Amino acid sequence: MEKSWNNRAWFLVLPVLVLVAFSAVVPLMTVVNYAFQDTFGNNEFFWAGTEWFEQVLDSSRFWEAMARNLAFSAIILLIEVPLGILIALNMPKSGWGVPVCLVLMALPLLIPWNVVGTIWQVFGRSDIGLLGYTLNQLGVDYNYTRDTTDAWATVIVMDVWHWTSLVVLLCYAGLVSIPDAYYQAAKIDGASRWAVFRFIQLPKMNRVLLIAVLLRFMDSFMIYTEPFVVTGGGPGNATTFLSIDLVKMALGQFDLGPAAAMSLVYFLIILLLSWVFYTVMTNVGVERSNQSGGH
Amino acid sequence: MTDATASREAAGALPPGSALPDAPLNQGGGIRAGEDRVARAMRRRGDESRFWWLVPTLYIVFLLLPIYWLINMSFKTNQEIIGGMTLFPHEPTLRNYRIIFSDPSWYWGYLNSITYVLINMVVSVAVALPAAYAFSRYRFLGDKHLFFWLLTNRMAPPAVFALPFFQLYSAFGLIDTHIAVALAHCLFNVPLAVWILEGFMSGVPKEIDETAYIDGYSFPRFFVKIFMPLIASGIGVAAFFCFMFSWVELLLARTLTTVNAKPIAAVMTRTVSASGMDWGLLAAAGVLTLIPGALVIWFVRNYIAKGFALGRV
């Protein structure tokens with residue numbers, strides 16, 4: 001769509017600007033303030049320079065949490081994306097099955113995050129949970145509060161349970177946008193199932209898939225509530241991800257300086273990722289308008 | 001599943017009886033044997049296999065099992081829960097639900113959650129509507145930067161904002177009010193609403209605006225009388241997503257409330273007491289948090305992917 005240049009459009013954006021400035025810029029300024037200052041109490045602050053940043057970037061605690069978080073994101077992406085594609089490819093194409101599948105699959109997405117945690121906390125317990133009980137009956141020594149591997153497995157299965165549907169829904173939306181003519185042409189050419197997937201379905205899913213990957217990466221990169229409810233970051237620090245560590249530091253120990261410095265580093269990483277995401281999203285918009293223009 | 005076979009043929013718009021045969025499909029020239037094996041392993045909508053429905057079915061069973069377990073527990077007595085493994089409640093009881101509906105500190109948790117979620121939904125959509133219109137129709141100084149900046153707020157980790165929010169709202173005396181939580185959730189819901197609405201608005205041809213202006217409509221009258229009905233589904237989807245993300249968020253909601261505006265999700269932690277865990281009560285409270293989402297999801301089932309992709313699918 002051709003957009004006309006009009007600076008008065010700013011008036012329409014103003015309410016959003018004021019509201020988001022109040023809930024984003026002001027708090028962020030507080031964070032910046034703490035990140036560069038130190039205090040001995042009594043509300044007296046003095047300049048600390050980059051001291052807190054050095055402290056954070058030198059601490060193994062930060063890098064360990066970062067490594068755990070990256071590992072977690074990588075694992076859930078490796079599971080959720082192929083699984084999501086597989087399920088989307090096998091979704092019913094029409095009839096009553098479509099809305100039923102969509103609604104049931106979307107269900108986990110609408111559960112409050114700490115209830116998701118609670119559900120899996122209960123489900124995995126060896127005394128009262130179906131999963132934990134069954135595993136222990138089968139002779140698997142499963143205990144997510146004591147064993148690091150079990151804790152990780154629980155947190156990962158929980159995330160797969162919680163978010164795979166997002167990948168499914170996005171891929172499904174991409175798949176239904178493929179005109180039937182494409183499949184018929186492929187049939188005439190005698191294309192194999194793999195070729196149909198590789199050269200028709202995958203290219204059409206490309207963009208939505210990219211959106212899904214970026215969303216899942218970013219959301220898993222700032223995951224807090226679910227693993228916190230299930231494992232509390234333990235056993236030890238085994239499942240302490242960046243957000244959990246940050247909240248522990250800021251609200252638990254009230255180490256404002258390091259917490260603020262860590263927040264800023266964390267936020268910069270997110271900013272970088274958002275930029276990638278933005279580029280992808282706006283390109284989707286361009287492609288969409290080109291397509292509609294071509295018809 | 002004969003039913004499904006029939007519907008599949010109908011959907012494929014293929015003449016009856018022309019179900020894709022196996023043999024010609026695998027004769028694709030230049031496709032290596034390895035890929036062919038993969039090809040055979042990949043079932044697409046049962047063209048090769050009658051068991052395509054197993055995949056979504058198994059997945060849905062996997063999704064529903066933990067939820068079933070929660071519902072199952074919510075109807076049990078604590079003796080039964082701790083006493084042994086039972087796949088369904090042998091002595092079904094409504095005791096857990098009765099406690100929640102008779103104790104104000106419990107049911108106020110739900111009312112608090114719903115109050116701030118609704119305030120947030122209305123505020124977010126109301127301010128996002130004009131902004132999304134501006135982004136979809138006009139170019140203006142700094143528009144792209146602004147659009148990007150909004151997105152970064154949707155992606156900001158709530159953990160970064162927990163402490164500064166607490167201090168900011170303390171300074172304004174807003175701690176423990178519904179307004180505080182509603183405003184805090186605007187951080188990610190306003191950008192979300194702007195993005196979703198912009199996606200829907202871009203689908204409306206600009207000629208409609210121009211015709212309306214020529215017919216003498218003022219901007220506000222055009223916007224309310226003509227434009228908003230056109231994007232009604234978009235408004236519904238944006239409202240739904242604001243509802244959803246405010247409903248599922250807990251970190252900020254818990255940080256900003258103590259007693260009077262405490263969300264149900266935070267009240268749930270009260271089930272831990274000196275005498276041990278009240279599992280039945282915890283499960284019942286959890287089940288009740290699933291209901292609002294389950295109810296509204298039906299209305300947006302066809303748009304839910306678009307919403308998650310921020311209006312761009």
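The values are calculated or read from the model by the stated rules, or taken from the named source; none is laboratory data. Not measured: the values here are computed from a predicted model. Cβ placement follows ideal geometry from the backbone for every residue including glycine, while neighbour counts extend to all protein chains displayed. We work out accessible area using only protein heavy atoms, side chains counted, and drop any ligands, DNA or RNA first. Shrake-Rupley method; radii C 1.70, N 1.55, O 1.52, S 1.80 Å.
Can you check what the net charge comes to around B:THR255, using other residues whose Cβ is under 12 Å from the Cβ of B:THR255 (Lys, Arg +1; Asp, Glu -1)?
That sum, taken over residues with Cβ under 12 Å, equals 0.
Given Cα positions, please report Rg to Rh for region B:52-138, the hydrodynamic radius being the Kirkwood one.
That ratio is 1.24, to two decimals.
Given the options A:ALA195, A:ALA153, A:ALA106, state which has the largest fluctuation in a GNM of chain A using a 10 Å cut-off (strictly under) for Cα springs.
Highest fluctuation of the listed residues: A:ALA195.
What does the structure give for A:207-220 when I average, per residue, the other chain Cβ atoms found within 10 Å of the residue Cβ?
Taking all residues of A:207-220 together, the mean is 2.
If you count, for every residue in B:102-114, the Cβ atoms of partner chains within 10 Å of its Cβ, what is the mean?
Partner Cβ neighbours, averaged per residue: 0.
On full extension of the chain, what length is gained from A:GLN137 through A:GLN55, given 0.36 nm per residue of separation minus the C-alpha to C-alpha distance?
Result: 24.8 nm gained on full extension.
Say a site is exposed when it is one of the GluC sites (Glu not before Pro), sits in a DSSP loop, and has at most 15 other Cβ atoms within 10 Å; what is then the longest site-free stretch of chain A?
A:45-295
Can you put B:ARG98, B:ARG154, B:ARG137 in order of accessible area, largest first, using a 1.4 Å probe?
So the residues, ranked largest to smallest area, are B:ARG98, B:ARG154, B:ARG137.
Please report, to one decimal in angstroms, the Kirkwood hydrodynamic radius of region B:104-308 built from all distinct Cα-Cα pairs.
18.7
For region A:117-131, list residues with backbone N below 19 Å from a point placed 7 Å from the Cα of B:GLN79 toward its Cβ?
A:128
Please sort by residue number the trypsin sites (Lys or Arg not before Pro) in region A:144-209 whose DSSP state is loop and whose Cβ has at most 15 other Cβ atoms within 10 Å.
Hits after loop and neighbour filter: A:ARG146.
Highest first, please rank the peptides B:138-147, A:132-141, B:284-293 by the mean number of other Cβ atoms sitting within 10 Å of their residues.
Peptide ranking by packing, descending: B:284-293, B:138-147, A:132-141.
How many nm is it between the label spots at A:ALA185 and A:VAL26, if each spot is 7 Å from the Cα in line with the beta carbon?
Distance between label points: 5.6 nm.
What total accessible surface area, summed over both chains, is buried at the interface between chains A and B, computed with a 1.4 Å probe and given in Å² to the nearest 100?
10900
Tell me, rounded to the nearest percent, the portion of alpha carbon pairs in region A:60-294 spaced more than 24 Å apart.
56
From the Cα gyration tensor of region A:35-103, with a ≥ b ≥ c the square roots of its eigenvalues, which class applies: rounded if a/c is under 1.5, or else prolate if a/b is larger than b/c, or else oblate?
Because a/c hits 1.5 or more and a/b exceeds b/c, region A:35-103 counts as prolate.
Between A:LEU272, A:LEU215, A:LEU175, find the one with the highest GNM mean-square fluctuation for chain A; connect C-alpha pairs within less than 10 Å.
Result for chain A, Cα springs under 10 Å: A:LEU272 fluctuates most.
With a point put 7 Å past each Cα toward its Cβ, work out how far A:ALA74 is from B:ASP103 in nm, to one decimal.
4.6
How charged is the neighbourhood of B:GLY216? Take every other residue with its Cβ under 14 Å from the Cβ of B:GLY216, and add Lys/Arg as +1 and Asp/Glu as -1.
-1
Counting only protein heavy atoms and a 1.4 Å probe, tell me what percentage of the protein assembly as shown's accessible area is made up of carbon and sulfur.
Of the solvent-accessible surface of the protein assembly as shown, carbon and sulfur hold 66 percent.
Threshold 50 Å², probe 1.4 Å: give the residues of region A:151-174, in number order, that are less accessible with all protein chains present than with their chain alone.
Output list: A:TRP161.
Could you give me the ³J(HN,Hα) list for region A:218-231, computed from phi with Karplus coefficients 6.51, -1.76, 1.60 and θ = phi - 60°, whole Hz, x at Gly and Pro?
3J(HN,Hα) across region A:218-231, in whole Hz: 5, 5, 6, 6, 10, 4, 9, 4, 4, x, 4, 5, 6, 10.
So which chymotrypsin sites (Phe, Trp or Tyr not before Pro) in region A:1-77 end up in coil per DSSP with only 16 or fewer other C-beta atoms within 10 Å?
Answer by residue number: A:PHE40.
Tell me, what ³J(HN,Hα) does each residue in region B:294-299 have, in order and in whole Hz, if you take phi through Karplus 6.51 cos²θ - 1.76 cosθ + 1.60 with θ = phi - 60° and put x for Gly and Pro?
Along region B:294-299, the couplings run 4, 5, 7, 4, 4, 6 Hz.
Which of the trypsin sites (Lys or Arg not before Pro) found in region A:8-89 are in a DSSP loop and have at most 11 neighbouring Cβ atoms, other than their own, within 10 Å?
Of the trypsin sites (Lys or Arg not before Pro), the ones in loops of region A:8-89 whose Cβ has at most 11 other Cβ atoms within 10 Å are A:ARG8.
Which of the lysines could be linked to A:LYS204 by a straight reach, that is with a Cα gap under 20 Å, when you skip same-chain ones fewer than 8 residues away?
Cross-link targets: A:LYS93, A:LYS187, B:LYS306.
Take peptide A:83-94, look around each residue's Cβ out to 10 angstrom, count Cβ atoms belonging to other protein chains, and average those counts.
6
Run the dipole for region A:53-127 about the Cα centre, Lys and Arg Cβ at +1, Asp and Glu Cβ at -1, nothing else charged, and hand back the magnitude in debye, nearest 20.
Charge dipole of region A:53-127: 320 debye, to the nearest 20.
Rounded to the nearest 20 debye, what is the charge dipole size of chain A about its Cα centre when +1 sits on each Lys and Arg Cβ and -1 on each Asp and Glu Cβ?
1240
With a probe of 1.4 Å, find how much accessible area the protein assembly as shown has per residue, and write the answer as a whole number in Å².
The answer is 42 Å² per residue.
Hey, can you grab everything whose amide H is under 5 Å from the amide H of A:GLN37? Only 5+ residues off in sequence or another chain; H modelled, so Pro and N-termini drop out.
A:ALA48
Please give the residues from region A:222-252 for which the solvent-accessible area of heavy atoms, probe 1.4 Å, is smaller by at least 50 Å² with all protein chains in place than with the chain isolated.
A:MET222, A:LEU251
Taking the Cα centre of region B:104-308 as the origin, how large is its charge dipole in debye, to the nearest 20, when only Lys and Arg (+1) and Asp and Glu (-1) carry charge on their Cβ atoms?
Value, rounded to 20: 120 debye.
For the protein assembly as shown, take the alpha-carbon Rg, divide it by the Kirkwood Rh, and send me Rg/Rh.
0.98
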